[in-house]
Amino acid sequence: MLRSLLALIVTLTMASGAFAQDAPAAAEPDRAATGGAPTLEDILARQRGEDVDFSYRLDSSGTASAGISEQLGTLGGASDSDVYLALRYGTADVTVSSRAPAAGVLIQDRGMWWYQFREGPLLTYGGWLLLGTLGLLALFYLIRGKIRIDGERTGRTIERFDALERFSHWLLAGSFIVLGITGLISLFGRLYIIPIVGRDSFSTVALASKWVHNNISWAFMLAVVMVTLLWIRHNIPNKTDLVWLSKGGGIFKKGVHPPAKKFNAGQKVIFWSVVLLGGSISVSGLSLLFPFELPMFAATFEKLNATGIPQMIGLGVLPEQMAPHEEMQYAQLWHSIVAFIMMAIIIAHIYIGSVGMEGAYDAMGSGQVEEQWAKEHHSLWVEEVQAKQASPKGGGAATPAE
């Protein structure tokens, strides 16, 4: 009985071995339809946890690493695209010796998009915005000329801005001009300055510009706060502004002087542009001053997506997950875009406050303006000042001009 059982086992084992030898080998999947790329069967086999031979991918794509004994053998004996994808999208388990912020991000592929936008649309449209603004102002000056005081001068002056107000204004203006120049050097230097002065000379200029830009920025931010606190109560829009706007502020036609209080509608546009855009550029500037410490765009995009506005205007769903470097790239682009808009606005403001209008500079020069100029451009404010001076506690009349 035992001998018969053993004989049966030996017979079955030999038969199964012979059947295995006679069975045809599993056929390799036909990858011709995918151009050598993985097939659906390859993907399903991998999902089932089966061992899949991916050597065909390395051989067909030429990404197989060199052997250990060859010249490039130190690169390793394997090349796995999944490792690259994990590094690219920040899902790899990376250990780095540096403790610097975002040091574990080894690959960040949005950098090329940022560079192309910076060197292309940003510089192109930003540059044309500034040149176009200068061109329009020059054309306006040729057509309209300098806006003169129409009436006869009274020889009396009214204090328009006190010392603190003028200090705040010039601190804001001076710091912004320096920031604008140094920022333009950083943006346009590679394309337009290096070909003229060379790389070595430009490196010195660029480093100095960066140092000045970073440190003068604090004066600009302080000045934005100061002018906001000093003038916000005078810049609340009212019905008088609609009249002023309907008449174009009187700057297009001689003899037209719409009434205005201490700040007319045009000056209110300048004020709110400086406050809102200056505040925005300050926040993005702080993000750039402290890299990777103040991310703000992912959270902002998440809130915007919730409103549905980006989808309504054709932007689709804005990215809500960003690598730290991508946050910095968005901050730099936003900082530059807002800066170009502010520079165009401030150039127009400088024009009106200097060569564009007679008597306008005195308001921020000495602080005293000709009474006739004040009546023509800020008649309601003059009435308020004169009524205050006429009251028992007013403190006298207008100051005679020297």
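The numbers here are math on the coordinates, done by the rules we state, and not lab data. Just so it is clear, the model here is predicted, and its values are computed rather than measured. Glycine gets a Cβ as well: all are built from the backbone with ideal geometry, and neighbour counts include every protein chain shown.
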Review point. If r is the Cβ-Cβ distance from GLU320 to VAL283 and R0 is 22 Å, what FRET efficiency results, to the nearest 0.05?
Key: 0.70
Point to revise | Kirkwood hydrodynamic radius of segment 207-287, Cα pairs, Å | key: 14.7 Å
Revision key, fill the gap. Under 5 Å from the placed amide H of MET357, counting only residues 5+ away or on other chains, we find ILE147
Check your understanding: What shape does segment 264-402 take by its C-alpha gyration tensor, where a ≥ b ≥ c are the square roots of the eigenvalues and a/c under 1.5 counts as rounded, a/b above b/c as prolate, and the rest as oblate?
Key -> prolate
Check your understanding: Once the Cβ-Cβ distance between THR307 and TYR125 is put in as r, and R0 is 30 Å, what FRET efficiency do you end up with, to the nearest 0.05?
Key -> 0.70
Review point. Using modelled backbone amide H atoms (1.01 Å from N, in-plane), which distant-in-sequence or interchain residues come within less than 5 Å of ALA260's amide H?
Key: SER379, LEU380, TRP381
**Study point:** Ratio of the Cα radius of gyration of segment 192-328 to 2.2 N^0.38 Å, where N counts its residues
**Key:** 1.50
Point to revise | Estimated inter-spin distance, ARG144 and SER354, nm [label 7 Å along Cα→Cβ] | key: 1.7 nm
Practice item. Along each of the three principal axes of the Cα atoms of segment 150-271, give the extent in whole Å, ordering the values from largest to smallest. Key: 57, 32, 32
